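To start, the structure itself, in structure tokens.
The values are calculated or read from the model by the stated rules, or taken from the named source; none is laboratory data. Predicted model, so just to flag it, every value in this text is computed and none were measured. Note that we place each Cβ from the backbone using ideal geometry, even for glycine, and neighbour counts take in every protein chain shown. Each accessible area value is taken on the protein alone, full model and side chains, heavy atoms only, with ligands, DNA and RNA left out. Shrake-Rupley method; radii C 1.70, N 1.55, O 1.52, S 1.80 Å.
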Amino acid sequence: MSMANGAADIAADDPSLYNQDATDSSSNQKGVPVPWWTGLDWRPLTWIVPDTIDATGKPGLTGTTIKKKKHGVSIKYGKKYRANVAGIAGLGVIDSIHAIEINKAIVWPASGVPDEHGLRRDDGAAHTAGNPDSPYWRATIALRQDAINSQFRLYWGRADQPADNTVLAKWAALGYEHPAYRGQVLCCMENWYFGRNCTNVPNTRILVRRSPQPEVGNFPTTWNPRGESLPAAILELLTNKIYGAGIPPEHFTPAQWEALSAAVMADIGHHSPQLLRAEPVTDTMKKLLSYYDGYLTIRGSTITPGRYPHDAVKVAPRASITLYDLTDKPRLSLTPAAQAVNTVTVTCRDRAAKLVESTVTARDTSAIAARDGGEIAATLDMPAITDLVMAEQYAARAAATATSASATWTIELPPARAILTSGAQALPGHNADFTYPPLGLFEKYCRITSRTDTPGGKTSLTLEAEHGFFGALPPIPPPAPPPVFAQKIPDPVTAARIIELPRTDFSPTAPATIAFLIRRPLARNPDNAALTGDEVIATRILHAPTVNSDAWSTLADSDNWAASALASGALTSAATQATLLFDAQNLDLADDDFQSQPDAEQANNTLLLVIDDEIMSIGAIAIDAQNPLRRTLTLLRGRLGTKPAAHASGAEAWLIPGSDLEALTHAVFLPGTTRAFKLLPLTPSDMLPAEDAAPIPFAFAALPPLPPLPTIAFAGVPANATAGAPFTFSLTVHSQTANLAQVTVSLIQINPNGTDGPASPVIQDTFPASLPFPQDYVRELSATALTAGSHKIAVTVSTSAGQTTAARSAAIAVAGAFAPVSCFTDTLLVSPYNGQNYNSEIARLVFTLPADGICYLYASARVAGSDGSGNVDMDLWLHIDGGTGENRHLQWDGAPALLEFSPSLRRFTAGQHTILLRSGIMGNDNTHQYLAACIHVQQVIPDIYIPTT
């Protein structure tokens, strides 16, 4: 937002030196730390640039010569200086800016008076992450001073704000990179007017408002002139990781802080605290808690807030402690009434005088008179109070409290007696009735300020006389706030439907999946019910076991909306158009998402129609010229797993974008059970109370009986086939009730013992969207060339319902299957004793395998005949495919003997193989020897060799 016509600020001919006087010691803010505050506050700028930049983008100033004519002669009186500068006003996101002050003069607004409403942060403005020009990121204010036009740009301090593209971009061009200063209030001034003949940056500060933003809880901006919630400010300092203690959110219960915040603002008022220097968090907490007589306790791992009452009513439950509960005499610390303070001065900041420091004094005149006019004064520093009337009320309350005598008792008692009347532990922050006759105490109303449990089994409590126990002072109403529009609160949801989406898992422990069709309700001004709007942004969905349950849990937060309608006529299961009459209360019907869709988007289920249990996809939409709420829709039927069905005239219909049909599930959404739901609409500031939402009962569908399994049928499968020759066959799969998801076909070779051998795939068909029943799956398939043996066709089928079935064809016999084939070679050799045939080939076998396999191998040689002289050696060698050979040795005495290689299983690769048997006989027997040789090979699994020799 840009505002022109700022107030003129024309410097005098003889300006103050360096724009300062004796009352101004801010020294151009160069040494001021970046502060924290909430509420309304004047914030001076802390400069973040090392120098100024002139109009050309270089370090320095831009000057315009001042000329005046005297006696017709132009005389130079000096220059008007201006430059580009930047500074930080504080930490955290601010809500609004109300004034800009330069050298103690308000230059914006033009009236010279702060704007009560202010220029507010626009959270709804269109924006992009890298473009800081949107009002979402910053406010732009135009000023004109002494004929000099300036631009003041204020970044709201968002945690993700982009880097400045004006003043700081000029420094980046000079090689000085600046960050985006996220989470800080950045001010960039272009052509900023310094004054006449003044080269120093003028003292600049801005009047801004920020509301506390803790990491937990909901604390909307109140826009109260006195400030914001003090408990919320304390919670922000406790949880913020940058300028606070950074305590994790899980250590706080938001509802406790929200309730305390509302009570403090209602009873005491609003505050504007500030923190200008670093200090221990405990010191800060003590100061801020003193405004409303509050306390913090740690119970378990939770930090719990509270405050002591000031309404003359004793709280319950509270502890009741008597003389008989104590294990020792109480230790007493007493301030007599004669020594108590009777005059209180409160130091505050006056909002009506630019928040300058001011004082207000209150006296208890009856106490002063009782002491013959003697005053005992105390001063309380309360800068978070910015209203003098509110300061007077606080001072009067403090004076009335301080006048009475104060007493503190430290008592010891068994832990079992340090309890409340409810039976819970008595802890700091609770109250107690203390009766101890020796001290004249009878049900003395006290506050418990500390508790210590010792290992010896004793509990020590510190009790302090309840100095806030008096009737509340008359409330002082705040000044009338500027007229602003009240935040609208949501109406209940008046039209909604829950649908159960089709199942894919039919096990009894699989939860159901549901979707909500919700018509967006109106938001309404609480002060004027006739003022409504579309501020409802989402719905919180709760669920519980029954409609009367006290245990409601959050299921989801949904920002999806549907449009409700009625069918203007009956629909058959084959109809491709439907005419609907939409409800006039549909707030989203005009959105682009609810308009006609092209064919491709209709096929993609971009816009859906729900009638009864059927989901349809919408294409073209024709709007009735006489009644825009009557529309005719072009349909694709039976989408998202539903079936086309007939629908009666007047049937409830819902239109919803496909991407908004959000599937929700929970472990308790079991088949055949019931559940209750509540819908709580939300606006940016409010949520419909759960007790105002009507419960919606819903019954989850029982599991249907399991559908019959698909049937599998073969046709054309031969009983016999030829090795190496392919064949064709047909396959039909019929599913009666469920969509087919996958069909797998493979060939399995059967081992001689009937077990499965290797399997080779034929085809696998997968249907991503499922093949809808009752359509059959029919394929004519071609099997690969088979090797010799026995084979079967195996088929496995799965459906969208999670069912699986399988079938096999009859056996297919391929010629030559597993007929044992052996090859023998017999050779007769005559060897003289001189060994001339030593190491001679005595047998050879050549064969071919069509595929890799395991073979049985046996080889031997037999010798006979001798002259009886003895002392003969015999050797036998086996060579496979030219290998080095294996040896067997026999010392022979001439008797018939056998030399053999024991039967063994050997692995052979596909192709031709050669096996040789060699032998040698050496000795002094000069007779002839007879030698018989044998080689035997037989393949055992699964392919049978075909011998070639």
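Take the alpha carbon gyration tensor of segment 230-307, find the square roots of its eigenvalues, order them as a ≥ b ≥ c, and report rounded if a/c is under 1.5; if not, report prolate when a/b exceeds b/c, else oblate. Kindly include the intermediate steps, with their values, before the conclusion.
Details: a/c = 1.62, a/b = 1.05, b/c = 1.53.
Oblate is the answer for segment 230-307, as a/c is 1.5 or above yet b/c matches or exceeds a/b.
Could you tell me which of rounded, prolate or oblate describes segment 482-619, using a ≥ b ≥ c as the square roots of the eigenvalues of the alpha-carbon gyration tensor, with rounded for a/c under 1.5 and, failing that, prolate when a/b is larger than b/c and oblate otherwise? Walk me through the intermediate numbers first.
Working: a/c = 2.26, a/b = 1.26, b/c = 1.80.
Taking the square roots of the gyration eigenvalues as a ≥ b ≥ c, segment 482-619 is oblate.
Gap in Å between the Cα centre of segment 110-172 and the Cα centre of segment 224-298?
29
So how do 178-190, 879-891 stack up, highest first, on mean other-Cβ count within 10 Å?
Numbers: 178-190: 20.9, 879-891: 12.2.
Most protected by this proxy first, the peptides run 178-190, 879-891.
Looking at the square roots a ≥ b ≥ c of the eigenvalues of the Cα gyration tensor of segment 563-649, which shape do they give, rounded for a/c under 1.5, prolate if a/b is larger than b/c, or oblate?
Numbers: a/c = 1.68, a/b = 1.21, b/c = 1.39.
Taking the square roots of the gyration eigenvalues as a ≥ b ≥ c, segment 563-649 is oblate.
Roughly how many Å² is the accessible area per residue of segment 563-649, as a whole number, for a 1.4 Å probe?
49
Within the set K241/K488; K287/K488; K286/K314; K104/K286; K104/K241; K241/K678, which residue pairs have Cα atoms separated by over 30 Å?
Details: K241/K488 33 Å; K287/K488 36 Å; K286/K314 24 Å; K104/K286 34 Å; K104/K241 35 Å; K241/K678 36 Å.
Violating the 30 Å limit, Cα to Cα: K241/K488; K287/K488; K104/K286; K104/K241; K241/K678.
Before I look further, what does segment 150-304 give for accessible area per residue, probe 1.4 Å, in whole square angstrom? Working shown, then result.
Values: 5940 Å² over 155 residues.
Ligands and nucleic acids excluded, the result is 38 Å² per residue.
K80: which aspartates and glutamates have alpha carbons under 16 Å from its alpha carbon, excluding same-chain residues fewer than 8 sequence positions away?
Filter leaves D9, D13, D14, D54, D146, E190.
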